[in-house]
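Beneath this line is the structure, given in structure tokens, with notes to follow.
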Amino acid sequence: MLKEILKAIDRDRLLSVPMLSKELRVPEALIDEGIFELLRMGYIIKEETGESCSNVCAGCPFAKTCNKEIIKTYRITEKGQGIIRTV
Amino acid sequence: MKNGTIALVGNPNSGKTSFFNALTGSNQHVGNWPGVTVEKKEGKFIYQEKEYDVVDLPGIYSLGAFSEDEVVARDYILTGDPDVIINIIDAGNIERNLYLTTQLLEMKKKLVIALNMVDEAEKRKIKFDLEELSKHLGAPVIPTVAHKGIGVGEIMEAAINAIGDKTSIENPLIYSGVVKHHIEHMEEILKNNNLPYPIEWTAIKIVEGDLNILKKLEEVNVDKKIIKDIKEYYKYHTSDSFELEIVDSRYAFAHKVAEHSVIRPLEEVITLTDKIDRILTNKYLGIPAFAIIMLVVFQLTFAIGEKLLGSFAASSIEGLGRLLEIFLIKIKAPGWLVSFIIDGVINGVGAIIEFVPLITVLYLLLGFLEDSGYMARAAYVWDDLMRRFGLQGKAFISMIIGFGCNVPGIMSTRTMDSKKDRMITMLITPFMSCGAKLPIYSVFIAAFFSKHGGLVLFSLYAFGILVALIMAKLLNKTLFKGDSSYFIMELPPYRIPTATNVIRNMWDNVSGFIKKAGTIIFLVIIIMWMLAVLPASVEPYSQYSILGTIGTFLAPIFRPAGFGTWQESVALFAGIPAKEAVVGTLGMLYAGQYVEEGVILVNAIRQHFTPLTALSYMIMVLLYTPCAATLGIVAKETRSTKWPLVMAIYTFAIGWFVAVIVYQIGSLLGFS
């Protein structure tokens with residue numbers, strides 16, 4: 001299942017738990033768990049799109065709005081790419 | 001007399017604590033596991049006059065070595081030697097819970113399964129074939145509702161029966177041929193040694209790449225040759241994917257077991273999210289849908305924020321100014337103080353504060369979109385278009401963030417691993433209309449385009465994106481050639497935005513706007529006011545003041561764009577420390593001039609601009625040199641002074657060039 005998740009997110013460049021659940025015919029909770037495992041094992045990494053600026057501009061009036069994570073993004077690591085090549 | 005030890009193992013929220021409480025009642029002892037801060041709960045259970053120890057292990061999802069909880073649970077199961085394990089499984093979330101079960105099966109420990117919270121699962125019309133489940137797992141399965149005490153007695157009976165059972169336990173998991181071969185090979189290395197853990201399990205963990213096991217073996221002084229052999233093995237097999245293979249085998253087993261023993265009601269094949277996404281993430285309809293959504297946002301912003309609430313805010317500031325002026329004259333305040341407070345503070349800073357309602361409405365609407373999960377869809381549909389312009393979709397995320405403020409927009413490029421993508425995105429983000437530019441547009445829109453305010457506002461934002469894309473293409477073809485790296489975007493399900501999130505988002509932005517008006521902009525306006533009234537020998541606010549002299553020197557640069565007065569020129573430069581200061585400076589210089597006649601800024605703008613020059617001025621504001629904070633962050637991110645300088649000059653040149661083109665073509669076409 002993990003290989004299939006990797007393959008699907010690489011193909012679509014999209015990580016949608018409901019879509020993966022439908023495609024792989026497994027419950028969403030299991031997809032969640034699979035993504036957690038892929039992250040833990042270092043096949044994908046989560047990127048931080050909301051950068052905290054507490055060190056550089058704590059006095060900035062907009063500091064609170066700065067580190068919002070509007071969209072979550074991930075990247076397939078070299079280790080993950082290696083797996084995809086073998087699938 | 002000790003008759004046996006029973007360990008409770010389960011995922012967090014599987015009802016394990018309810019189970020422990022139901023079994024032990026008040027007969028509990030809470031402490032810590034040795035050497036760690038993980039809580040250890042022990043208790044006694046009496047069955048048929050015999051006492052059994054019950055140990056409640058921490059709630060865990062797996063038996064790896066990735067958290068203290070996992071290590072504590074794993075070590076206890078392997079070395080604490082419980083006589084039987086009760087694995088509590090949340091019946092409503094069986095596949096996920098079975099992942100832990102598969103790891104317990106690998107340990108070949110006596111197991112009894114408590115299928116807990118079956119009442120909740122039944123409400124969701126989930127049914128179980130208990131016999132099938134038990135057959136696959138090789139362990140008794142008993143349905144329970146621990147918090148009501150249902151099935152607890154049966155579980156304990158099964159557990160106590162299992163203690164006396166001498167049947168050998170098999171690991172039912174099937175690994176692929178290669179993995180199986182490696183496990184067998186490792187078992188050969190490990191055999192005939194006094195290991196602290198079962199050989200097969202140790203072999204699996206070593207092949208899985210669990211370095212914690214190697215550390216444990218070193219600690220207990222197993223034969224040095226074994227350690228050497230394992231290290232040798234890792235030297236040749238670290239690049240293999242056995243870790244993934246083994247984890248996948250566990251998932252496959254969990255899934256297979258659930259498939260054979262769980263009956264679920266047919267789920268709705270096409271959900272509402274699917275239906276909405278068919279349009280919003282469609283290859284052809286996605287971007288037009290985005291444009292329509294943003295157009296509605298700007299129409300509502302202008303209709304509610306400017307027309308409905310803006311005039312109220314403007315008349316309030318104006319009224320406050322009049323009252324203050326009367327008061328200052330009454331107390332015979334010196335002329336310079338009256339001038340500073342009325343012209344500088346009220347007409348300058350007040351001109352910016354008037355736009356608080358507009359900003360409030362815009363951020364309420366954007367917060368609504370963000371919280372609904374739409375923004376991820378927008379970035380997704382833009383990904384394809386971005387690629388055509390030589391960028392990755394993540395650039396659009398930076399651009400979206402840049403709509404609020406360019407500084408975090410530029411900071412968000414840190415997540416791009418391609419230097420080329422990062423540099424291009426940094427260089428184009430300033431073309432995004434940040435919140436600070438909104439008051440400037442609003443003044444001009446109110447003066448000339450109020451009938452189509454939302455549309456003009458939307459067009460300015462869209463034009464900024466268009467220029468950014470063109471520049472990205474140009475930069476990609478010239479300075480920064482190469483391929484874009486790609487990323488995976490998470491598409492969350494749609495949700496109804498919560499009032500708390502939307503209001504918090506709005507407040508963070510609005511309070512930032514007000515705070516900025518009271519600090520940075522206030523400071524800029526004071527400097528501008530001083531330059532406008534000095535030297536004392538000349539008429540204040542005239543072209544002979546210091547500000548007037550600077551403006552007169554700069555004005556010819558902007559004449560081809562149609563707005564070549566000294567006031568309009570210095571206002572643009574006042575916008576470099578902070579964009580809002582453009583409105584503040586115009587307010588001070590124009591409204592200040594006419595204050596006796598009661599002419600407010602919008603009317604003053606009408607007297608000094610035409611619709612065409614207003615348009616070219618707005619375009620200049622949209623595209624020209626970003627604020628000092630943005631240039632500062634570019635210097636920090638690129639660790640050079642070259643790139644902020646390049647950015648300051650090239651954006652100014654583009655702003656000027658496009659403003660001139662708009663004005664000249666407009667004039668040729670007969671617009672005024």
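The values are calculated or read from the model by the stated rules, or taken from the named source; none is laboratory data. Note that this is a predicted model, so its numbers are computed, not measured. Virtual Cβ from ideal backbone geometry, glycine too; neighbours counted across all protein chains shown.
Overview of values
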| item | result |
| --- | --- |
| Among the residues listed as B:295, B:324, B:337, B:320, the single one being part of a helix (DSSP H, G or I), at pLDDT 85 or above and surrounded by fewer than 21 Cβ atoms within 10 Å (Cβ to Cβ) | B:295 |
| Filter result for residue B:525 (surrounded by fewer than 18 Cβ atoms within 10 Å (Cβ to Cβ) and part of a helix (DSSP H, G or I)) | no |
| Complete set of residues in segment B:415-424 that are within 12 Å of chain A (Cβ to nearest Cβ) and either more than 14 Å from the chain's Cα centre (by Cα) or closer than 18 Å to residue B:646 by Cβ (or both) | B:416, B:417, B:418 |
| Filter result (at pLDDT below 85 and hydrophobic (A, V, I, L, M, F, W, C)) within segment B:1-18 | B:1 |
| Residue under evaluation residue B:97, criteria (1) free of Cβ contacts under 8 Å to residues at least 40 places away in the same chain; (2) within 13 Å of chain A (Cβ to nearest Cβ), criterion not met | (1) |
| Residue identified as more than 9 Å from chain B (Cβ to nearest Cβ), crowded, with 16+ Cβ neighbours inside 10 Å and touching a strand residue (DSSP E or B) at 6+ places or on another chain (Cβ under 9 Å) among A:9, A:5 | A:5 |
| Only one of B:373, B:390 that is in contact (Cβ under 8 Å) with a residue 12 or more places away in the chain and more than 11 Å from chain A (Cβ to nearest Cβ) | B:390 |
| Residue check for residue B:572: under 18 Å from residue B:444 (Cα atoms), buried (at least 24 other Cβ atoms within 10 Å of the Cβ) and at pLDDT 85 or above | yes |
| Some residue of segment B:52-59 being among the hydroxyl-bearing types (Ser, Thr, Tyr) and over 23 Å from residue B:165 (Cβ atoms) | no |
| Checklist (1) modelled with pLDDT under 80; (2) under 15 Å from residue B:339 (Cβ atoms); (3) not in a helix (DSSP H, G or I) applied to residue B:591, failing item | (3) |
| Any hit, segment A:36-49, residues being modelled with pLDDT under 70 and either under 25 Å from residue B:374 (Cβ atoms) or in a helix (DSSP H, G or I) (or both) | yes |
| Residue in segment B:147-164 that is nearest to the chain's Cα centre (by Cα), counting only those that are closer than 22 Å to residue B:105 by Cβ and among the aliphatic types (A, V, I, L, M) | B:155 |
| Residue list for segment B:491-518, restricted to those being assigned to a loop (DSSP other than H, G, I, E, B) and more than 10 Å from chain A (Cβ to nearest Cβ) | B:494, B:495, B:496, B:497, B:498 |
| Verdict on residue B:52 being farther than 20 Å from residue B:146 by Cβ and buried (at least 16 other Cβ atoms within 10 Å of the Cβ) | no |
| Matching residues in segment B:77-107 - criterion: being more than 17 Å from residue B:158 (Cα to Cα) and among the acidic types (Asp, Glu) | B:81, B:90, B:95, B:106 |
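Every residue, every condition in (1) under 30 Å from residue B:137 (Cα atoms); (2) surrounded by 13 or more Cβ atoms within 10 Å (Cβ to Cβ); (3) out of contact with any Cys (no Cβ under 9 Å at 6 or more places or on another chain); (4) more than 11 Å from chain A (Cβ to nearest Cβ), yes or no:
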position	(1), (2), (3), (4)
B:188	yes, no, yes, yes
B:208	yes, yes, yes, no
B:220	no, no, yes, yes
B:225	no, no, yes, yes
B:236	no, no, yes, yes
B:254	yes, yes, yes, no
B:265	yes, no, yes, yes
B:274	no, yes, yes, no
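Quick grid of which residues meet (1) β-branched (Val, Ile, Thr); (2) within 14 Å of another protein chain (Cβ to nearest Cβ); (3) touching a Cys at 6+ places or on another chain (Cβ under 6 Å); (4) in a helix (DSSP H, G or I):
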position: B:54; (1), (2), (3), (4): yes, no, no, no
position: B:61; (1), (2), (3), (4): no, yes, no, no
position: B:75; (1), (2), (3), (4): no, no, no, yes
position: B:82; (1), (2), (3), (4): no, no, no, no
position: B:86; (1), (2), (3), (4): yes, no, no, no
